[in-house]
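The values are calculated or read from the model by the stated rules, or taken from the named source; none is laboratory data. Being a predicted model, the structure only gives us computed values, none of them experimental. For neighbour counting, all protein chains shown are included, and Cβ atoms are generated from backbone atoms with ideal geometry for every residue, glycine included. Each accessible area value is taken on the protein alone, full model and side chains, heavy atoms only, with ligands, DNA and RNA left out. Shrake-Rupley method; radii C 1.70, N 1.55, O 1.52, S 1.80 Å.
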Amino acid sequence: MLVIPNLKKPASPQPTNDSPTNTPPRHTRFIFVTGGVMSSLGKGLTASALAAVLQARGFSVVQQKLDPYLNVDPGTMSPFQHGEVYVTADGAETDLDLGHYERFTGVPTSKLSNLTAGQVYWNLLQAERKGELLGKTVQVVPHVTNAIKAHIAKLDGLADFALVEVGGTVGDIESMAFIEAIRQYGQGLRGNRGKVCRNDACYLHLTYAPYLKAVGEIKTKPSQNAIKDLLHFGIQADVVVVRSEVEVGRAELDKIALFAGLEPAHVVNCPDSDSIYRVPVTLHAAGLDEAVLDHFGLSAPKPDLAGWQRIADLSRTPPRTVKIAVVGKYVQLGDAYKSLNEALLHGGFAHDAKVQIVFVDSEALEQVSDAELAAQLGEAAAVLIPGGFGARGTEGKIRAIRWARENKVPFLGICLGLQMAIAEYARSVVGLPGADSTEFTAEKGNPQHPVICQMTEWQTPDGQLMTREEGGNLGGTMRLGAYPAKLAPGSLAATIYGTENIAERHRHRYEFNPRYREALEQAGLVFSGLSPENKQLCEIIELPQAAHPFFIAVQYHPEFQSTPLKPSPLFAAFVAAALTR
């Protein structure tokens, strides 16, 4: 019998907006986060870390990402190009930065938290076709910018601070409308909010200061030019965060402040960190939260960041480590499994351990011998099969699952991982050759035993009936968002969660075919989690612990609700099982 050890409690609780110490917000102050010089500076991470520090000082926060690309949502974008698609509780497919938002603040995101240029133009052109714009000439200004501002305005009144991140780099053609929209929005806040003119907008600009090893110097010119680029669009930066590989000295920061027309304290440095979870501590030490509060004319108690300090130190000098193999087909790009990777680290934090992720290419496993497969997977103490789409690499996943099952290695399957675990069990144990998913018909042909098939209709989290049709659109046609599950009493799943009723987030088109349930159960597979709304929908499978110490797979994505200060129970239990090997 698996004993789930008590999770390590963080040194300080993770604050949330519903904390009893927070009074209902009276008005919202907006922090607009932009980036210059180049992309991938970490705007989302910086905004999230700042939000966490503001929470620790007693304020409530809400966050939003404005994405300039023309896709309606990231749902149909390749993980190789865009990274993972993050799913909110209400079923929105969004940018992966929203995962940072939730992991750092514990505040659930929603459809309100992400807006793409594609959504703006889609809605605007539909309105134009219906004649709702009264025959006006449709223009970027004011129609597109007004639509963006209207979306931003939905945050007003929700929290003390709204942090709004604009994707891309200032100067990009596709981001111009968004930059103009936040300029207009800030202008309105500064002049038209009631009788008293409040300074309720702050423009926080990230720049980059390269270090030239040949001459041993930090160069400030790119940052100076980036601040001027922003000014070219009518926005004066109020606070500047200078990203860098190494520490930037005060003299260089003061030089940037001089050219930006800012007080020296409003230009802070954020060098590369050994752990993203050290960033709240780093930014507070640099004075970012003080600069922001000074801009707004506010004061607040000093933050308690002991919880963040603990997990940052744990990442650097862990008392113990454990290797876990992630067998997937997007392993060349870490961001494709961003939330999953972080949730594994969180599971380690729960036990004062650091998880070392060993990425294994599932497609490559299809070509190796049994001995080579065992050698690759045998380096790790546990095996995880993540979600994914398409037939490529699925046979390699099935081989990895069989190896973990037969060798009694702790196993966790997520989404497609559950489906392939069912296919493997049906083939190897039940004796159903060719058991597979109808998702792969185009590549593999019709499966002899379709143990996984498409569900043609379902209800969204808000009660809307959705249907799928052959040849229809791909975008937005999955079971998305948080759905409940009823766990079998005494099951491994119920032991892990400590309850029989849970709700987790989904993102998939295909489901277990209940026609095969009786045969699988007779062969020993346990269906320990079912949808209470439709008992035909399988949420969790597992093997009895008499047959395997830890073998469980789930149709949902538990990684989307895991945070470093409050790890997902499933990941914490999985890491605990790995640590016992």
Notebook entry, point to check: Among the residues of segment 513-541 satisfying the criterion of being open to solvent by less than 10 Å² (accessible area, probe 1.4 Å) and touching a strand residue (DSSP E or B) at 6+ places or on another chain (Cβ under 7 Å), which is farthest from Y556 (Cα to Cα)?
Noted result: L525
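Considering only segment 366-453, give the strands (runs of 3 or more DSSP E) lying wholly within it that have at least 2 residues that are within 28 Å of the chain's Cα centre (by Cα) and either of a type in the set (A, V, I, L, M, F, W, C) or farther than 18 Å from R517 by Cα (or both).
Of the strands (runs of 3 or more DSSP E) lying wholly inside segment 366-453, those with at least 2 residues that are within 28 Å of the chain's Cα centre (by Cα) and either of a type in the set (A, V, I, L, M, F, W, C) or farther than 18 Å from R517 by Cα (or both) span 382-385, 411-414.
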Note to self: out of contact with any strand residue (DSSP E or B) (no Cβ under 6 Å at 6 or more places or on another chain), touching a residue at least 24 places away in the same chain (Cβ under 8 Å) and either farther than 28 Å from T76 by Cβ or not polar (S, T, N, Q) (or both): is that true of F550 in this structure?
What the structure shows: yes
Notebook entry, point to check: Quick one: how many residues across segment 328-352 are touching a strand residue (DSSP E or B) at 6+ places or on another chain (Cβ under 7 Å) and more than 21 Å from M420 (Cβ to Cβ)?
Noted result: 4
Check: under 17 Å from F411 (Cβ atoms), surrounded by 22 or more Cβ atoms within 10 Å (Cβ to Cβ) and of a type outside the set (A, V, I, L, M, F, W, C), is that true of G378?
Finding: no
Notebook entry, point to check: Based on what the data block shows, is L492 at pLDDT 95 or above and open to solvent by 30 Å² or more (accessible area, probe 1.4 Å)?
Noted result: no
Item checked: Residue match in segment 409-421 (condition: among the aromatic types (F, W, Y) and either modelled with pLDDT of 95 or more or touching a Gly at 6+ places or on another chain (Cβ under 6 Å) (or both)) -> yes
Margin query: Among (1) assigned to a helix (DSSP H, G or I); (2) open to solvent by 70 Å² or more (accessible area, probe 1.4 Å); (3) at pLDDT 95 or above, there is one condition Q81 misses while meeting the rest; what is its number?
Written below: (3)
Item checked: Exclusive hit being closer than 30 Å to T441 by Cβ and either surrounded by 22 or more Cβ atoms within 10 Å (Cβ to Cβ) or without any contact (Cβ under 8 Å) to a residue 24 or more places away in the chain (or both), set V368, V331, V355 -> V368
Margin query: Could you list, ordered by first residue, the pairs with Cβ atoms under 7 Å in which the first is in segment 556-581 and among the polar types (S, T, N, Q) and the second is open to solvent by 20 Å² or more (accessible area, probe 1.4 Å), at least 6 apart or interchain?
Written below: T563/Q14; T563/G106; S568/Q561
Next item on the list: Might you let me know whether segment 213-223 holds any residue that is among the charged types (D, E, K, R) and in contact with a Ser or Thr (Cβ under 8 Å, 6 or more places away or on another chain)?
Entry: no
Item checked: Filter result (more than 14 Å from A286 (Cα to Cα) and in contact (Cβ under 8 Å) with a residue 12 or more places away in the chain) within segment 253-262 -> K255, I256, A257, F259, A260, G261, L262
Check: In segment 269-313, which residues are closer than 20 Å to G106 by Cα and touching a strand residue (DSSP E or B) at 6+ places or on another chain (Cβ under 9 Å)?
Finding: V279, T282, L283
Notebook entry, point to check: Within segment 244-261, can you find the residues that are of a type in the set (G, A, S), open to solvent by less than 70 Å² (accessible area, probe 1.4 Å) and assigned to a helix (DSSP H, G or I)?
Noted result: A257, A260
Check: Which condition does L305 not pass, out of (1) in contact with a helix residue (DSSP H, G or I) (Cβ under 6 Å, 6 or more places away or on another chain); (2) open to solvent by 60 Å² or more (accessible area, probe 1.4 Å); (3) modelled with pLDDT of 95 or more, if it passes all the others?
Finding: (2)
Note to self: Can you pull out every residue in segment 298-342 that is over 22 Å from Q561 (Cβ atoms) and of a type in the set (D, E)?
What the structure shows: D304, D313
Checklist line | Hey, I552 open to solvent by less than 50 Å² (accessible area, probe 1.4 Å) and either assigned to a strand (DSSP E or B) or in contact with a Cys (Cβ under 6 Å, 6 or more places away or on another chain) (or both) or not | finding: yes
Next item on the list: Name the residue, out of L155, L124, L112, that is in contact with a Ser or Thr (Cβ under 8 Å, 6 or more places away or on another chain) and surrounded by 14 or more Cβ atoms within 10 Å (Cβ to Cβ).
Entry: L155
Check: In the list D160, D238, which residue meets the criterion of being within 28 Å of T94 (Cα to Cα) and crowded, with 22+ Cβ neighbours inside 10 Å?
Finding: D160
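Taking the conditions exactly as written (open to solvent by less than 30 Å² (accessible area, probe 1.4 Å) and part of a loop (DSSP other than H, G, I, E, B)), does G91 satisfy them or not?
For G91, the condition - open to solvent by less than 30 Å² (accessible area, probe 1.4 Å) and part of a loop (DSSP other than H, G, I, E, B) - is met.
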